[in-house]
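Peer 1: For reference, the structure I am asking about is given below.
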Amino acid sequence: MRLFPKVPDPAVFSCDDGAQLSYRLRRGAGPILVLAHPHSGTMSGFAAVLSRYGGPVLIWDRRGYGQSTRGAYAESQGADLSALLAHLNIARAVFVGVAAGGACLVEFARRSPSSVLGLGFACSFLGQPARDWFALTQEDSPQGTCEERELSDVFRSTNAAQHWRRQEAENQRRNAGEPAQFCPADPAALTDMAPLCIATGARDRLFTPAMLAQAKQRYPQAKTHLFAHAAHAPHVEDPDAFSTWLSDLVSRV
């Protein structure tokens with residue numbers, strides 16, 4: 001495996017309300033890629049991806065997750081991201097959200113469209129309620145534990161699944177979670193976004209392949225992709241394929 005420059009150790013950005021946002025930034029040549037983690041994880045879930053993707057990248061623990069604190073007010077995730085980017089003097093970037101991280105980016109793109117060089121969503125309901133997607137495709141919402149709903153059976157049997165379990169358990173222990181998001185977002189917020197890439201796992205029972213097909217109809221300009229060996233967490237289930245997908249998105253900018 002090719003070794004890329006190490007992502008620096010976490011730094012902290014202080015929000016106006018006292019919240020502390022933990023982030024890691026690797027600078028370099030080319031567009032900066034900003035990755036938003038899912039509800040079941042933290043920024044550490046991108047570790048395997050960042051050993052495979054070598055470009056400039058920003059990851060952060062969203063408010064209420066990982067090493068980031070909640071603060072005094074219910075600031076939105078999009079507002080937090082805007083403040084963090086301003087602090088780091090990042091005017092434009094490529095943004096990718098996994099699952100609930102996508103809701104953060106829909107809101108951000110609505111607020112700051114000129115900051116978006118490209119936009120990617122993996123296994124994300126695109127800022128819409130999950131129930132609307134299940135009604136659209138007439139599929140049943142999956143039951144079971146978070147692990148059973150989000151991970152493929154094959155990945156759950158591997159040693160690599162242990163880190164995911166630790167993150168999810170820690171989030172549960174700390175009652176991690178974000179303030180209310182801008183959801184449902186206006187679907188038209190993404191209509192003019194390009195490049196726009198939308199992907200899901202072939203084994204995803206939450207944002208299903210049928211939903212991906214519906215998303216393509218809603219956003220014809222989007223390039224869609226299926227991660228053949230993943231369910232709802234492709235960045236940990238198949239980091240090789242996920243990093244390749246990221247590189248393809250960035251190459252379109």
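The values are calculated or read from the model by the stated rules, or taken from the named source; none is laboratory data. Everything numeric here is computed off the predicted structure, so don't read it as measured data. Cβ placement follows ideal geometry from the backbone for every residue including glycine, while neighbour counts extend to all protein chains displayed.
Peer 1: Out of (1) surrounded by fewer than 21 Cβ atoms within 10 Å (Cβ to Cβ); (2) touching a residue at least 12 places away in the same chain (Cβ under 8 Å); (3) in a helix (DSSP H, G or I), the odd one out for residue 169 is which?
Peer 2: Residue 169 satisfies every listed condition except (2).
Peer 1: Related question: Restricting attention to segment 36-70, which residues are surrounded by fewer than 24 Cβ atoms within 10 Å (Cβ to Cβ), hydroxyl-bearing (Ser, Thr, Tyr) and under 21 Å from residue 125 (Cβ atoms)?
Peer 2: Within segment 36-70, 42 is the sole residue that qualifies.
Peer 1: If you don't mind, there's one more thing I want to ask. For the list (1) at pLDDT 95 or above; (2) outside any strand (DSSP E or B); (3) in contact with a Lys or Arg (Cβ under 9 Å, 6 or more places away or on another chain); (4) among the aliphatic types (A, V, I, L, M), I need the number of the one condition that residue 49 fails.
Peer 2: (3)
Peer 1: Now a separate question. Considering every residue within segment 206-225, establish whether at least one is at pLDDT 95 or above and under 20 Å from residue 77 (Cβ atoms).
Peer 2: yes
Peer 1: Also: Applying the selection to segment 144-163, what residues are surrounded by fewer than 16 Cβ atoms within 10 Å (Cβ to Cβ) and touching a residue at least 60 places away in the same chain (Cβ under 8 Å)?
Peer 2: 154, 160, 163
Peer 1: Is it the case that segment 102-121 has a residue that's buried (at least 24 other Cβ atoms within 10 Å of the Cβ), touching a residue at least 40 places away in the same chain (Cβ under 8 Å), aliphatic (A, V, I, L, M) and out of contact with any helix residue (DSSP H, G or I) (no Cβ under 7 Å at 6 or more places or on another chain)?
Peer 2: yes
Peer 1: Taking the options 239, 209, name whichever one is of a type outside the set (A, V, I, L, M) and crowded, with 21+ Cβ neighbours inside 10 Å. Lay out the reasoning, then the answer.
Peer 2: On the way: 209 fails: crowded, with 21+ Cβ neighbours inside 10 Å.
When all the criteria are applied, what remains is 239.
Peer 1: Considering only segment 207-214, I want to know if a residue exists there that is within 24 Å of residue 152 (Cβ to Cβ), in contact (Cβ under 8 Å) with a residue 60 or more places away in the chain, out of contact with any helix residue (DSSP H, G or I) (no Cβ under 8 Å at 6 or more places or on another chain) and of a type outside the set (Ser, Thr, Tyr).
Peer 2: Start the filter on segment 207-214 by keeping residues that are within 24 Å of residue 152 (Cβ to Cβ), which leaves 207-214.
Adding the requirement that they be in contact (Cβ under 8 Å) with a residue 60 or more places away in the chain leaves 207-208, 210-211, 214.
If we keep only those that are out of contact with any helix residue (DSSP H, G or I) (no Cβ under 8 Å at 6 or more places or on another chain) too, we end up with none.
Taking every residue of segment 207-214 in turn, none turns out to be within 24 Å of residue 152 (Cβ to Cβ), in contact (Cβ under 8 Å) with a residue 60 or more places away in the chain, out of contact with any helix residue (DSSP H, G or I) (no Cβ under 8 Å at 6 or more places or on another chain) and of a type outside the set (Ser, Thr, Tyr).
Peer 1: Name the residue, out of 105, 58, 126, 81, that is assigned to a strand (DSSP E or B) and within 20 Å of residue 197 (Cβ to Cβ). Full working, then the answer.
Peer 2: On the way: 105 fails: assigned to a strand (DSSP E or B); 126 fails: assigned to a strand (DSSP E or B); 81 fails: assigned to a strand (DSSP E or B).
Just a single option satisfies the conditions, and that option is 58.
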